[in-house]
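A short worksheet on the structure shown next.
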Amino acid sequence: MKPFRVALVGTSGAGKSTTAGLLRDWTGWMVLSGLRSHESVTGPLWDLSLSLEAASALANRCGSADLKLLTFYLKLCMFGPMERFCADAYAPEVVIVDQHPLVDAAVDLPALGRRATFGDLRPFLTMIDAVGRPLIVAWAEAQARRLGRSLQPRDFVIELARLSSLRHEDRLQSLQNLLNCELPDLIVHLNLATDTARRPAEERDSTGGRRPVADPEQRARYSDLLSHLDLTPVVRIDVDTRSPDEIASLALQAIRAAKG
C-alpha cells in the first residue's frame, strides 16, 4: 500500500523540522529529510549523503557556486531512492518530508543558477577527501546513466542553470525527471511572514526564541511557486504568532482532512 506523502516546506527558520518531529511523536508517522538523507531513518546511501554534505560545506568555504549547485543536485537525487526504499521496507501509513526536493529545487535554482560561473570543477573535486570523492563521482556517473546521457560535472551545472529560465510548470516537469522523484500528495507551506526565524529550544538565548534571517526573496519565490501549483494541493499555515504545538496541530488537521 502506497503511503500518503506530505511535504513540509517554507523558508529557513519556519519550523519545518520542529513540526515534523512533533507529528512523528504524536502519530508515529515516518519522517524523512528531503535534503539530508543521513538524517532519515535507517536506509541506504548514508555514506554518500555525509560525503555530499561535506562537499557542500567545502563549496561554501571555497566560494564555488558551481560546486554548490552540483552538490545540491546530487543530494536531491538521493531522495527518490530513499523514499521508495522506506516505503517498501517499512510500509508506513504516512511519510512526512522535511523539505521536498522538487519544491526546494524549483524555489532555489533561480538564485543558485544566477551565481554559476560554468568553470572547471576538477580543482574543487580534488579537494574533496579521498573517501568521499569516489562516492560522489560514482553517484554523478550513475545519474548520467539514468538520464541516458554522457554528462560531466560541468554539464550538470549548465543544465541545472538553464532550468532557472523556465516557467514553474515546465521547471517542475523537468526536475521530476532530473531528480527521479515525484511531487507529494500534500504540501504544507509553513509561511513565515517576518524576517525572523524560529530557533530550536537548545539554541535559544535570553533575548528570546528567534534569530534574524535575511531571505525575503526566497519567501517570495515559495509563495510564487506554490500559488501556481495545480498538481498537488497546498495548505498554508501562517506561523509567526503560533506556538510549535499550534502549528503542528494545524498541520495534523490538514493531513487528516486530505488523507480522508
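Brief remarks on what is shown
- Of all accessible heavy-atom area on the range 54-206, the percent that carbon and sulfur account for (1.4 Å): 52 percent
- Heavy atoms of Met127: accessible area, 1.4 Å probe, square angstrom to 10: 100 Å²
- Dipole of the chain, positive direction: furthest Cα of Gly148, Ala57, Leu70, with charges on the beta-carbon: Gly148
- Near Asp104: Cβ cut-off under 11 Å, other residues only, Lys/Arg at +1 and Asp/Glu at -1. The net charge is +1.
- For the chain, the equivalent ellipsoid derived from the Cα gyration tensor has semi-axes of 29, 21, 19 Å, listed largest first.
- The calculated pair-distance distribution of the range 104-147 uses every alpha carbon pair, bins of 5 angstrom beginning at 0, and gives 5, 17, 16, 18, 30, 13, 1 percent.
The values are calculated or read from the model by the stated rules, or taken from the named source; none is laboratory data. Owing to the predicted nature of the structure, the values given are computational and were not obtained by experimental measurement. Here Cβ is always computed from backbone atoms with ideal geometry, including for glycine, and neighbour counts include all displayed protein chains. For accessibility, only protein heavy atoms count, side chains too; no ligands or nucleic acids. Shrake-Rupley method; radii C 1.70, N 1.55, O 1.52, S 1.80 Å.
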